[in-house]
Amino acid sequence: MESNKEIKLGFEKQSMLKKPLRSKKEKSLVMNNRLFLFVIPALLIFSAFWIWPFLKLFTFSVTDFNGFNQNYNHVGLSNYQSIFKSGILTTSIKNTLIYTVLLVVLGNILALILAMALNSKIKGMGFYRSAAYIPALFSAIVIGFIWSYVYMPQSGMIPSIMNMLGLDGSNFNILGDYKNALYGITVVDIWKNIGQTMIIYLAGLQMIDDSLLESASMDGCNSFQLIRYIKLPLLAPSITINIILSVINGLKAFDYPFIMTNGGPGDSTNTLMFSIYKMAFTEQQFGKAAAFSVVSFIVIIIITALLLVVMNKKESEME
């Protein structure tokens, strides 16, 4: 027994001698301080093109800067008072919130229904999935021009179809209607992004184990109960991602109001981003536009923070 112990001790000593001893001064390759030097170019670019302009925004918001003349004057909070009194801010926030709510609710409901339909096993499934995703591949400019012709009064696709069905398509002019123009461009945005939203839901549905659904069906769950108590809770991460993306897309809406209606008729399709653009580059009121941007930034931050709190709470409840 003693000889066996001596042999084991000998092997342990040899293995300890073979292991390289790290000195205290030796640096880890993973946490090498020199690696942080590679971050400096990215930080410089980020600071020059984002942080510095963002800080200058607050500076210009209290001036009468017109975008060209550097001899501007400090006007205090008059720019903020002007945008509140004129009603532009209220109208833009209202239009943006309506646009965002419709985009979130209708876009996600339709995409979820489409994802569940395309998750079934039918012939030509690959073709249907590709066809549903095709609109997401085109740019907003292309989509905006195409739908402008679809909505065109009298000779557009929708009035032509109405005339073929015996309906009067001559009075159809949704983009020229003050009350309905915003809903018209919202439909276009939903149609464009429904494929992208559907793909995220489809990926979440395919992650659900079939044995779980089979066992629930054997326990007596019908199709509605499977969706309500099995699929939707397991889709909680996908729902959170899609809602956040839809809210971001709605709050920064600019493309379709600019391409299809130019903010009109009147101010019916003026969103926050379009109002800032129009104030700065059309009216040459950069100081006022900067103040508008600051207020919009605060509004968007508040909405995003509330959304994250609510979605995290809902996701934990669904789980």
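Structural descriptor for segment 168-239: relative contact order 28 percent, calculated from alpha carbon pairs under 8 angstrom and at least 6 residues apart. Averaging 1/r over each pair of different alpha-carbon atoms in segment 76-318 and inverting the result gives 20.3 Å, the Kirkwood hydrodynamic radius.
Of all the options Leu43, Leu106, Leu167, the one that moves most in a Gaussian network model of the chain with Cα springs shorter than 10 angstrom is Leu43. Among Ser293, Ser61, Ser120, the largest mean-square fluctuation in a Gaussian network model of the chain, built with springs joining Cα atoms closer than 10 Å, belongs to Ser120.
Here the Gaussian network model covers the chain, with springs between Cα atoms less than 10 Å apart; of Phe254, Phe58, Phe274, Phe58 fluctuates the most. Each residue of segment 97-110 is assigned a 3J(HN,Hα), and the resulting list reads 5, 4, 4, 5, 4, 5, 5, 6, 6, 5, x, 6, 5, 5 Hz, derived from the Karplus form 6.51 cos²θ - 1.76 cosθ + 1.60 (θ = phi - 60°), x at Gly and Pro. The Cα trace of segment 192-294 gives Rg and Dmax of 21.6, 68 Å, the first to one decimal, the second as a whole number. Overall shape: prolate for segment 73-144, with the ratio a/c of the largest to smallest alpha carbon gyration tensor axis at 1.5 or above and a/b above b/c. If the chain linking Asp177 and Lys56 were pulled fully straight, counting 0.36 nm for each residue of separation and taking away their Cα-Cα distance, it would gain 39.7 nm. Measure up Lys123/Lys313; Lys123/Lys314; Lys288/Lys314; Lys85/Lys313; Lys252/Lys314 against 30 Å on the Cα-Cα distance and list the ones that go over. Over 30 Å Cα-Cα: Lys123/Lys313; Lys123/Lys314; Lys288/Lys314; Lys85/Lys313.
Residues whose amide H comes within less than 5 Å of that of Thr63, counting only those at least five positions distant or on another chain, are Val75 (H built at 1.01 Å from N in the peptide plane). For the peptides 285-291, 203-209, the ranking by mean Cβ contacts within 10 Å, running from highest to lowest, is 285-291, 203-209.
Rounded to the nearest 0.05, the FRET efficiency derived from the C-beta distance between Ser170 and Lys123 at R0 = 51 Å is 0.75.
Read-outs: derived from the displayed coordinates by stated rules, not from any lab. Every value quoted in this text rests on a predicted model; they were computed, and no experiment measured them. Neighbour counts are summed over all protein chains in view; Cβ atoms, including those assigned to glycine, are modelled from backbone coordinates with ideal geometry.
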